[in-house]
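Participant: Sharing a structure with you now.
Nothing in this text is a laboratory measurement; each read-out follows from the coordinates by a stated rule. Small disclaimer: the values here were computed from a predicted structure and weren't measured. A quick note on method: Cβ atoms are made from the backbone with ideal geometry, for glycine too, and the neighbour counts reach across all protein chains shown.
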Amino acid sequence: MNDRIARWAIESIYGPHVKVGRIEVEKRINSTRLRVAPTDDNLAALFVKRTQPGYQQGHLEPGVKHLPSIASENQNRFRASLSDPIRAPKSLLSDDVRGLLVTEYIDGRNLKSVMAKSVRPKTFDPAHFMKLAGKALASWHAMSSTLAPTIAGASLPSSDSRVASFLDFSVWNILISREEQCVYIIDFPGSKILARRHRDLATFLHSLLVIKLHPMVMVNPRPWWSWKEAYSTFLASYLEQEGLELTSADYLLLHFVT
Ligand SMILES: Nc1ncnc2c1ncn2[C@@H]1O[C@H](COP(=O)(O)OP(=O)(O)O)[C@@H](O)[C@H]1O
Ligand SMILES: [Mg+2]
């Protein structure tokens, strides 16, 4: 099965004469991920994600299905609106019937895995990455409001208006490039859901708490970052980029949805 998918991906992107080289497979509950390299070293490796067709992410409302074609469209639209150091891998191909999404492969580390380490990696500055994460989410929301200006609701205060939710804007969906120069946002929403911006803001807080509440992190005698500081840096960067100020009602709402 994986061999067939790898061949399909390589031939669709590079043409029928290019052969599949090494395939690395990672199987998870929600998805199977493949890193597929062509035999020709001059050609870039591909990342293939396979989800069950009609797959529904556990944390979403009933009936919300994930479609690779929508994730792909979201990813490339966002990608076009970005500038360094925030990036998104280029989406190359999707197949809703088989639940497949092919993107360029990024050689990077997941932000969660770095922040879960017991000792701070030498050059790693958590505040820097929290600022970039806040800016990235603000850019996503800004882009979604240009797509749906009529739905956003002119009469609502701007902090209240609806945005296209990213659905899982979390530390595990941010990759850091090897040289720590760029961040890549991944795992784009495969469905279009309008929600208050607080939903994504709360999801990110939840993802920081997930790291902090891991037993190995909890027993670390020398924690090197705090969720309060990390989250306020993230939030300040988000608000600055969006030109918004949150009220105490917003904070309550954030607390409530987390
Ligand atoms: N374009 C990519 N290049 C390299 N690795 C990736 C890429 N996209 C995702 N990954 C890796 O695969 C993992 C899962 O991908 P993701 O799209 O978040 O799927 P899931 O829906 O299973 O969370 C990521 O945490 C990351 O480690
Ligand atoms: Mg993910």
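Participant: Exceeding 19 Å between C-alpha atoms, which entries from my cross-link table qualify? They are K19/K90; K65/K131; K49/K90.
Facilitator: K19/K90; K65/K131
Participant: Going 7 Å from the Cα of K65 along its beta-carbon direction, which residues of the range 81-122 have the amide nitrogen within less than 12 Å of the resulting point?
Facilitator: 96-99
Participant: Excluding residues fewer than 8 places away in the same chain, name every one of the aspartates and glutamates whose C-alpha is closer than 17 Å to that of K122.
Facilitator: E179, E180
Participant: Please give the helix 68-81 orientation as an angle from the longest Cα principal axis of the chain, in degrees from 0 to 90, rounded to the nearest 10.
Facilitator: Result, in degrees: 70.
Participant: Sum -39500 (n - 2.57) across every DSSP H segment of at least 4 residues in the chain, then divide by the residue count to get the 222 nm mean residue ellipticity, nearest 500.
Facilitator: Result for the chain, helices only: -12500 deg cm²/dmol.
Participant: I would also like to ask the following. Can you sort W172, W224, W140 by how many other beta carbons sit within 10 Å, fewest first?
Facilitator: So the residues, fewest neighbours to most, are W224, W172, W140.
Participant: What shape does the range 2-104 have by the C-alpha gyration tensor, where a ≥ b ≥ c are the square roots of the eigenvalues, rounded means a/c under 1.5, and otherwise prolate means a/b greater than b/c and oblate the rest?
Facilitator: Cα axes put the range 2-104 in the oblate bin.
Participant: Using a Gaussian network model on the chain with a 10 Å cutoff between Cα atoms, which of L209, L43, L194 fluctuates the most?
Facilitator: Highest fluctuation among the options: L43.
Participant: To continue, here is another question. Given points 7 Å out from each Cα along the Cα-Cβ axis, report the D41 to V257 separation in nanometres with one decimal.
Facilitator: Distance between label points: 4.9 nm.
Participant: In addition: K135: which aspartates and glutamates have alpha carbons under 12 Å from its alpha carbon, excluding same-chain residues fewer than 8 sequence positions away?
Facilitator: Candidates past the 8-residue exclusion: D84, E240, E242.
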